[in-house]
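Peer 1: This is the structure I have questions about; it appears just below.
The values are calculated or read from the model by the stated rules, or taken from the named source; none is laboratory data. What you see is a predicted model; the values in this text were computed from it and never measured. Methodologically, a virtual Cβ is constructed for each residue, glycine included, from the backbone with ideal geometry; neighbour enumeration extends over all protein chains shown.
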Ligand code: NAD
């Protein structure tokens with residue numbers, strides 16, 4: 001019988017009760033290797049109840065003891081890195097080294113969460129008025145929930161529960177139903193690290209479980225990462241229910257290439273950031289904007305032979321640059337976008353649509369595609385493709401190039417490649433995008449800064465992880481105190497001021 005993933009509630013692994021299952025594929029073979037139970041509303045309620053019951057004791061646990069769980073968890077992640085990466089690659093399709101990067105990026109958020117005692121310290125003013133002191137504290141919210149996408153099944157759950165739980169909240173995670181194996185392993189390791197029962201729970205499921213979390217009166221905050229339409233839906237429904245919501249969405253990141261850029265380096269940067277993980281990254285760089293016809297021609301001349309050398313392979317092939325797409329349906333969607341690009345009049349310079357891997361003909365592979373002469377009016381430019389497809393949009397001037405990411409519906413990441421500090425500085429200052437790279441193709445901020453896009457790439461106003469993450473998962477309380485001196489003061493009928 002096919003192995004069936006269930007849920008993890010109140011410290012225990014449980015089988016699902018709905019009788020409904022999603023298929024979990026190995027994208028390299030194209031076979032259904034496991035199934036995942038899809039939770040009922042009652043199962044979601046049980047997870048929330050477990051988190052609610054665990055909250056009073058966990059929030060009262062002193063921050064250094066909470067941090068010790070994080071330290072131990074970090075150690076367990078390191079000890080289990082190989083097994084976690086193998087499982088991640090099997091279900092997602094990204095190559096092993098990239099899966100390790102996925103886990104490591106989450107681990108780095110846990111490293112920051114180890115410093116929670118320092119981060120969550122309040123502020124104190126001695127003598128704000130006569131005999132008056134003021135102090136403020138950041139208190140946890142209660143039960144928080146995270147809903148995560150398929151493309152980073154380790155990193156994104158840890159962005160969320162790492163900071164939330166370190167700050168004293170309890171958590172219910174609803175991971176992607178496409179690759180639930182690693183999130184379930186993470187909760188097991190977290191328990192092994194000493195977390196009390198109910199502090200972290202995992203329910204697997206689909207829209208039913210997402211809606212149940214959005215509507216549950218005991219859930220105080222929802223963190224979502226996924227596609228933009230669903231992000232907007234989660235934001236609207238969650239905030240309408242009075243919850244704090246941060247909802248990160250899709251992306252279409254541009255790389256502006258100025259004539260003075262180091263083109264050999266740009267080619268290497270574009271290869272990794274456009275085709276790494278088969279382009280299934282919200283911080284991929286699927287649009288290159290060379291400035292000037294000469295820059296575009298030189299870039300293409302160097303790029304095409306390097307694309308031809310890319311090796312697409314199974315996720316356990318150590319020589320493969322990238323593996324299969326996550327599902328046959330998603331690969332079809334990407335292929336359809338490529339056909340649409342052809343129909344719209346863009347020039348398909350490299351066509352990887354019909355790539356097939358010998359011995360793995362049923363795997364969800366796709367070769368790299370490269371479009372030249374894409375224009376901003378094209379649908380394939382406006383929308384997120386999320387596959388191994390790089391589009392070149394030729395711009396005549398720096399100003400024309402710089403406008404493109406600002407005008408685009410998405411505003412997650414952007415990069416500029418140049419040796420000119422003035423252009424780079426002006427661009428970074430003015431562009432309407434949340435994360436900017438200067439000669440850095442994938443500017444995912446390190447774990448002690450924070451992650452977030454603009455426009456349709458993020459709804460809500462607080463970023464993931466770092467101090468922004470802490471702010472999202474805590475609320476500020478400010479205490480103004482005075483102690484009796486034995487002197488009775490007259491009533492004050494005007495608002496107290498500091499005059
Ligand atoms: P998705 O939106 O299909 O799914 C994300 C989550 O939402 C999953 O847990 C899924 O079960 C749930 N979901 C799906 N349909 C739903 C519905 N109708 N109602 C309620 N919940 C629903 O996204 P995906 O395909 O798993 O991930 C890829 C997308 O995520 C891309 O658009 C990518 O750009 C984006 N992404 C964004 C970031 C970021 O930080 N901005 C990071 C990673 C991925």
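Peer 1: I'm checking my understanding of the structure. Among residues of the stretch 439-465 that are crowded, with 21+ Cβ neighbours inside 10 Å and not in a loop (DSSP other than H, G, I, E, B), which one is farthest from the ligand (Cβ to nearest atom)?
Peer 2: Per the stated criteria, the residue is 459.
Peer 1: To continue, here is another question. Show me the strands (runs of 3 or more DSSP E) entirely contained within the stretch 56-174 in which 2 or more residues are at pLDDT 95 or above and more than 16 Å from the ligand (Cβ to nearest atom). Steps first, please.
Peer 2: On the way: elements: 123-129, 132-140, 143-147, 170-174.
The strands (runs of 3 or more DSSP E) meeting that bar are 123-129, 132-140.
Peer 1: Another one. Would you be able to say whether some residue in the stretch 244-265 is in a helix (DSSP H, G or I) and crowded, with 16+ Cβ neighbours inside 10 Å?
Peer 2: Yes: the stretch 244-265 contains one or more residues that are in a helix (DSSP H, G or I) and crowded, with 16+ Cβ neighbours inside 10 Å.
Peer 1: Tell me which residues, restricted to the stretch 234-270, are within 12 Å of the ligand (Cβ to nearest atom) and touching a helix residue (DSSP H, G or I) at 6+ places or on another chain (Cβ under 9 Å).
Peer 2: The answer is 234, 237, 238, 246, 247, 248, 249, 250, 251, 252, 253.
Peer 1: Taking residue 36 and the conditions (1) more than 23 Å from the chain's Cα centre (by Cα); (2) assigned to a strand (DSSP E or B); (3) surrounded by 16 or more Cβ atoms within 10 Å (Cβ to Cβ), which numbered condition does it fall short on, given that it satisfies the others?
Peer 2: (1)
Peer 1: Among 271, 299, 285, which is the only one that is at pLDDT 95 or above, part of a helix (DSSP H, G or I) and in contact with a strand residue (DSSP E or B) (Cβ under 8 Å, 6 or more places away or on another chain)?
Peer 2: When all the criteria are applied, what remains is 299.
Peer 1: How many residues does the stretch 381-391 hold that are buried (at least 23 other Cβ atoms within 10 Å of the Cβ) and more than 21 Å from the chain's Cα centre (by Cα)?
Peer 2: Number of matching residues: 2.
Peer 1: Quick check, is residue 190 in contact with a helix residue (DSSP H, G or I) (Cβ under 8 Å, 6 or more places away or on another chain) and surrounded by fewer than 24 Cβ atoms within 10 Å (Cβ to Cβ)?
Peer 2: For residue 190, the condition - in contact with a helix residue (DSSP H, G or I) (Cβ under 8 Å, 6 or more places away or on another chain) and surrounded by fewer than 24 Cβ atoms within 10 Å (Cβ to Cβ) - is not met.
Peer 1: While we're looking at this one, here's another question. Select from the stretch 189-233 the residues that are in contact with a strand residue (DSSP E or B) (Cβ under 8 Å, 6 or more places away or on another chain), touching a residue at least 40 places away in the same chain (Cβ under 8 Å) and within 10 Å of the ligand (Cβ to nearest atom) and list them in ascending order.
Peer 2: Of everything in the stretch 189-233, those that are in contact with a strand residue (DSSP E or B) (Cβ under 8 Å, 6 or more places away or on another chain), touching a residue at least 40 places away in the same chain (Cβ under 8 Å) and within 10 Å of the ligand (Cβ to nearest atom) turn out to be 204, 205, 206, 209, 210, 213, 224, 225, 226, 228, 231.
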